[in-house]
Amino acid sequence: MIKNEQAGLYIHIPFCLSKCAYCSFYSIAAPNLIPEFIKALLREMAFWKSSSLPGQGFDTIYLGGGTPSLLLGGQIQEIMNAVNSAFVIDRQAEVTMELNPGNVSPEYLRNLRAWGVNRLNIGVQSFDDGILKFLGRRHSAREAVCAIDAARAAGFYNIGLDLIYGISGQDIRLWTETLERALSFVPEHLSCYQLSVEAQTPLFGRYRSEGLSLPAESEALDFFFATSHRLAEAGYRHYEVSNFARGNSFRSRHNMKYWRHIPYLGLGPSAHSFCAGRRWWNTADVAAYIQNLFEGKTPVRQSEELSAEQLALEALFLGLRTQDGIDLEQYQALYGVDLLTAKKQTLGQLVENGLVEIRDGRLSPTLSGLAVADSLALI
Amino acid sequence: MENIRNFSIIAHIDHGKSTLADRLIQFTGVCNERNFQDQLLDNMDIERERGITIKSNAISLPYRAQNGQTYTLNLIDTPGHVDFSYEVSRSLASCEGVLLLIDAAQGVQAQTLANLYLAMEHNLEVIPIINKIDLPSADIDRVLEEIDSELGLDPDTHIKASAKEGTGIEEILEAIVLRIPPPTGSGDNPLAALIFDAKYDAYRGTVIHSRVFEGAVKAGDIIRFMYNNSTYKVEEVGHFLLQRAKREKLSAGEVGYIIAGVKTVSDVRTGDTITHQDRPCLQPLPGFKEVKPVVFASIYPIASDDYQDLADSLEKYKLNDASFIYEKDSSAALGQGFRCGFLGLLHLDIVQERLEREYDLSIILSVPSVRYRFTLKDGSVLYVDNPTHYPDPAEIAKGEEPYIRASMMLPERYLGSVMKLCMEKRGVNSNMNYTGPGRVELSYEMPLAEVIFDFYDRFKSVTQGYGSFDYDVLDYRESSLVLMDILVNGEKVDALSQIVHRERARARALNACDRLKDEIPRQMYKIAIQGAIGSEIIARSTISAFRKDVTAKCYGGDITRKRKLLEKQKEGKKRMKMIGSVSIPQSAFLAVLKSDND
Ligand SMILES: Nc1nc2c(ncn2[C@@H]2O[C@H](COP(=O)(O)OP(=O)(O)O)[C@@H](O)[C@H]2O)c(=O)[nH]1
Ligand code: SF4
Ligand SMILES: [Mg+2]
């Protein structure tokens, strides 16, 4: 564990107006439960207040979902107040909220800022209405543009846009159009995800029944490289498999904690927490979550104590997802494994094949390496 | 003796041998329903699954016949594959008759014939039984026609049965009594007892399965194995019921067991004759042959930590399998292991499967080899069954390989394709002979090395299962031999090296390269696979790298799942062997081992 680094706080708002075709997050279309959910959430915070993560302050907050922007301004305020009274929040904290285009008024956005939200992550996904429809998004490209403009107008200077590529019917050209459109807003951050069609999503059924196919490996690689190259040209750092930042300071400080084994506390249904080699997670069921907390019980459903070996494996695969890679000395200090010696032959092959670099005491993936980061971890 | 009948059931695989044995056992009431377990005679999982009975087994059935007399019917089970044909012949030598089982729907098949011929060699009474008459697809008339034309037996002698439903069982038991002759011999003559099997018992040592032909044996007797003149004092004799049942003595005509303080099954030889030390018989019973391993391969643990486990398991396995031999071996690529000798490829498969299943080991086998003979320029002679011991090519004056005589029986319509196959396998000196209308007996002299690859499988497939095959080892013949190596990203995988006929080398190498290409999973970098003779590359294939393989999203809620997946993959990788920086799965070794051009 890296000492002296503050923890991250994640709050899962499990509501959406409807389910997107590809979505595998936990969220339900039951806005009537929101008031009770908020009460429960406050109880969960109260619970942590008394038994907080050992000696931790927080310097990132992430309101994710779901669709946090479904909450009324007052509700966000209530949550933020509770957070501030329950936890020690750093004055410089990065406070991100996810936003879906549609129905966000300038006033709502201004209020968010007032309550401490200083970073928005907007679920644009595409600037092509056909694709948005295919994905089952509720909004149009135009609404996305409005949302971004409104966010800027409200004074947000740290905005991230989420985009998806590798969608059936989307060729590189169509994708590049979306990408260019996104760049025209000069966002501070971009997440470009290759679509993965998860089992049990409506999209999975469609791909099967309509005989749609995912891009072949070489095509997926073309998307990946084209994206990375174009964004590099525009001044973005490809700092994680799917994440790009206009300079280091605009990387998602919150998400980086996940990749670096920094403690985080997750509140709300299905949220995961990690601290001191332990990971635990809440029930992925709003009703059960509410009921548990109302009955004074913990909503934690499961936890695991990670062995040194498991921590080492996680550190490896998470580290190799990031451009920074792994600090070899620190890795050895934490896990007792000298990767350079233990994996000499394989690393030699990987270097020779241009998949990783070993420089300044770090083992880091090249762009080609990032494209196979999961497998790099199997060395 | 008048009331003893010794018989076997012989059949093509799956025609119902084990099921019928169960019914006979049930009918005669040796066991009650409570402890009855289907397919009692096949007592190992592998046998049940493969449908072959690997080691013979025996049971005595008490039967009160319709004539009012009580008989002891000794059922001797037989293994069913050419690798064990010697064991089969010893079991049949212990009988006076056989039940020849034919599936009513499938009719006469290759092993029906092969087994019939074996039975006839031993002058046994044959009772044809048409089994599975309950099947809707049963075609009894056709089977009767085949019994007549293909088997040359009198169709009127048949019995219809359904082993599954238990019909015809009593008729079969009556026929055993009435038609199979009682054993001959005299309890007063000097002892002559045939060893047809031996099993290891942790408490009693080796339990010898024997058929007494002359004389009698009892506890306290000093017996002698005629093969090596070793002597033992008999501790116990008895019959095979469901368990061993101790008896006063075993006399001429009887089948039973002898326990005599013999430490391991390797101390006895199937087919050997047991006699008395002080009053020996004049000569051993006929047909003894010492079976020697003809196929050799090395076994390595996938994880080198498992070496001791493997050593222990082999030792245990060996207790019950006298024909299996092994010694220490080591490989640059695969580490410490054992060089093992087998009767044939099926035997090898069985050993492998036992080790994996019963002893829970993950192992890799090297490519099987026969035993070659090299005469070096200095005149010395070297036997080599392990490619790693291949002599310096510059020193070799002459290379020789073992030849066998393959004897095949097949319907005439397959003659052309079988001859083609035999020629492709370097067969020479063919001989052909019509044994009946439309039936041919064919023999070839062939290098054993050709046979141990996939000859048997291909023979079965070109004859659509109607051909039967057997072989005898002949002699060594001069041959142009080379050592063919396989390299993966430039590293020699010595377990895949093979000694091959020069003309075969390229095809073998190409085949190995292709198989490896199919079996080795793509990795993050390109993998070059090469076949080489010395420094000359004779075949190659390439496995392209995969280049995009990464989960798009990995945040707090994804990490545990992702880690579990990686853990599983890592576990899978542990079952692979690292050659240089390439992980090679066990299946790749197996694929090469089975390889030939098909
Ligand atoms: N329908 C039917 N099936 C049978 C009969 N006898 C055996 N079988 C089935 O045939 C298969 C092979 O039988 P098994 O006794 O193992 O054959 P083996 O290989 O000769 O020992 C099994 O599935 C038996 O249940 C029979 O009389 N009728
Ligand atoms: S808005 Fe996000 S969380 Fe909600 S259904 Fe769509 S993808 Fe899922
Ligand atoms: Mg059977």
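Taken together, the residues in region B:152-175 that are crowded, with 22+ Cβ neighbours inside 10 Å and not in a helix (DSSP H, G or I) amount to 2.
Looking at region B:543-565, which of its residues are under 28 Å from residue B:514 (Cα atoms) and modelled with pLDDT of 90 or more? The answer is B:543, B:544, B:545.
Residue A:310 meets each of the listed conditions (1) within 13 Å of chain B (Cβ to nearest Cβ); (2) touching a residue at least 12 places away in the same chain (Cβ under 8 Å); (3) within 25 Å of residue A:7 (Cα to Cα) apart from (2).
I'd like the full set of residues that are open to solvent by 20 Å² or more (accessible area, probe 1.4 Å) and within 20 Å of residue A:232 (Cβ to Cβ), limited to region A:362-379.
A:362, A:366, A:367, A:368
Within region B:443-465, residues that are more than 17 Å from residue B:402 (Cα to Cα) have Cβ atoms under 7 Å from residues that are modelled with pLDDT of 90 or more and among the polar types (S, T, N, Q) in these pairs: B:462/B:417, counting only partners at least 6 apart in sequence or on another chain. Evaluating residue B:440 against the criteria (1) touching a residue at least 40 places away in the same chain (Cβ under 8 Å); (2) part of a strand (DSSP E or B) leaves one unmet condition, (1). If you go through region B:577-598 and keep only what is at pLDDT 85 or above and in a helix (DSSP H, G or I), you end up with just B:588. Mind checking whether some residue in region A:174-189 is hydroxyl-bearing (Ser, Thr, Tyr), touching a Ser or Thr at 6+ places or on another chain (Cβ under 8 Å) and within 14 Å of chain B (Cβ to nearest Cβ)? Scanning region A:174-189, I find no residue that is hydroxyl-bearing (Ser, Thr, Tyr), touching a Ser or Thr at 6+ places or on another chain (Cβ under 8 Å) and within 14 Å of chain B (Cβ to nearest Cβ), so the answer is no. The set of residues in region A:359-375 being without any contact (Cβ under 8 Å) to a residue 24 or more places away in the chain and more than 9 Å from chain B (Cβ to nearest Cβ) consists of A:359, A:360, A:366.
Within region A:141-173, the set of residues being on the phi > 0 side of the Ramachandran plot and in contact with a Ser or Thr (Cβ under 7 Å, 6 or more places away or on another chain) is empty. Within region B:398-419, residues that are in the same structural domain as residue B:444 (by TED's automatic domain parsing) sit with their Cβ atoms under 7 Å from residues that are basic (Lys, Arg) and modelled with pLDDT of 90 or more, at 6+ positions apart or across chains, in these pairs: B:400/B:373; B:400/B:477; B:401/B:477; B:402/B:371; B:403/B:477.
In this entry, residue B:505 is excluded by the filter for residues that are touching a Leu at 6+ places or on another chain (Cβ under 7 Å), modelled with pLDDT of 90 or more and of a type in the set (Gly, Ala, Ser).
Please indicate, with yes or no, whether at least one residue in region A:16-30 is of a type in the set (Lys, Arg), in a loop (DSSP other than H, G, I, E, B), open to solvent by 40 Å² or more (accessible area, probe 1.4 Å) and away from ligand 3 (no atom under 16 Å from the Cβ). Looking through region A:16-30, at least one residue is of a type in the set (Lys, Arg), in a loop (DSSP other than H, G, I, E, B), open to solvent by 40 Å² or more (accessible area, probe 1.4 Å) and away from ligand 3 (no atom under 16 Å from the Cβ).
A single entry from B:475, B:494 fulfils the requirement of being touching a Phe, Trp or Tyr at 6+ places or on another chain (Cβ under 8 Å) and away from every other protein chain (no Cβ under 14 Å): B:475.
May I ask you to verify whether residue B:165 is touching a residue at least 24 places away in the same chain (Cβ under 8 Å), away from ligand 1 (no atom under 15 Å from the Cβ) and not assigned by TED's automatic domain parsing to the domain that holds residue B:407?
Details: touching a residue at least 24 places away in the same chain (Cβ under 8 Å): yes; away from ligand 1 (no atom under 15 Å from the Cβ): no; not assigned by TED's automatic domain parsing to the domain that holds residue B:407: yes.
No; evaluated as a whole, the condition is false for this residue.
Screening A:117, A:124 for residues that are open to solvent by less than 20 Å² (accessible area, probe 1.4 Å), part of a loop (DSSP other than H, G, I, E, B) and in contact with a strand residue (DSSP E or B) (Cβ under 8 Å, 6 or more places away or on another chain) leaves exactly one candidate, A:117.
Annotation note: Cβ proximity below 9 Å between a residue of region A:209-232 that is within 11 Å of chain B (Cβ to nearest Cβ) and a residue that is surrounded by fewer than 15 Cβ atoms within 10 Å (Cβ to Cβ) (sequence gap 6+ or interchain) occurs for A:219/A:171.
Residues are listed down the side, and each one gets a yes or a no for (1) open to solvent by 70 Å² or more (accessible area, probe 1.4 Å); (2) over 26 Å from residue B:558 (Cα atoms):
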residue: A:183; (1), (2): no, yes
residue: A:190; (1), (2): no, no
residue: A:197; (1), (2): no, no
residue: A:206; (1), (2): yes, no
residue: A:213; (1), (2): yes, no
residue: A:216; (1), (2): no, no
residue: A:222; (1), (2): yes, no
residue: A:225; (1), (2): no, no
residue: A:230; (1), (2): no, yes
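Scanning region B:263-305 for residues that are part of a helix (DSSP H, G or I), without any contact (Cβ under 8 Å) to a residue 60 or more places away in the chain and acidic (Asp, Glu) yields a single hit, B:305.
Note on region A:233-247: residues that are polar (S, T, N, Q) and more than 9 Å from chain B (Cβ to nearest Cβ) amount to 1.
If you filter region B:128-151 down to residues that are touching a His at 6+ places or on another chain (Cβ under 8 Å) and not in a helix (DSSP H, G or I), you find that the one that is most open to solvent (accessible area, probe 1.4 Å) is B:132. Please determine whether any residue of region B:88-108 is of a type in the set (Ser, Thr, Tyr), more than 16 Å from ligand 1 (Cβ to nearest atom) and under 15 Å from the mean Cα position of the chain (by Cα). Yes.
Per-residue answers, yes or no, for (1) more than 14 Å from chain B (Cβ to nearest Cβ); (2) within 19 Å of residue B:488 (Cβ to Cβ):
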{"site": "A:334", "(1), (2)": "yes, no"}
{"site": "A:340", "(1), (2)": "yes, no"}
{"site": "A:344", "(1), (2)": "no, yes"}
{"site": "A:350", "(1), (2)": "no, yes"}
{"site": "A:353", "(1), (2)": "no, yes"}
{"site": "A:357", "(1), (2)": "yes, no"}
{"site": "A:377", "(1), (2)": "no, no"}
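So which residues in region B:379-429 are surrounded by fewer than 18 Cβ atoms within 10 Å (Cβ to Cβ) and in contact with a Pro (Cβ under 8 Å, 6 or more places away or on another chain), if there are any at all? Within region B:379-429, just B:382 meets the criteria. Picking from residues in region B:530-576 that are open to solvent by 20 Å² or more (accessible area, probe 1.4 Å) and part of a strand (DSSP E or B), the one that is nearest to the other protein chains (Cβ to nearest Cβ) is B:576.
Exactly one residue among B:175, B:163, B:138 is more than 30 Å from residue B:291 (Cα to Cα) and either within 14 Å of chain A (Cβ to nearest Cβ) or within 16 Å of ligand 3 (Cβ to nearest atom) (or both), and that residue is B:163.
Would you pick out the residues in region A:44-65 that are in contact (Cβ under 8 Å) with a residue 60 or more places away in the chain and either surrounded by fewer than 17 Cβ atoms within 10 Å (Cβ to Cβ) or not in a helix (DSSP H, G or I) (or both)?
Result: A:48, A:53, A:54, A:56, A:58, A:59, A:60, A:61, A:62.
The values are calculated or read from the model by the stated rules, or taken from the named source; none is laboratory data. Just so we're clear, the structure is a prediction, and the values are computed from it rather than from any experiment. All Cβ positions, even for glycine, are placed from backbone atoms using ideal geometry, and neighbour counts span all protein chains on display. Note: areas computed on protein heavy atoms with side chains; ligands, DNA, RNA excluded. Shrake-Rupley method; radii C 1.70, N 1.55, O 1.52, S 1.80 Å.
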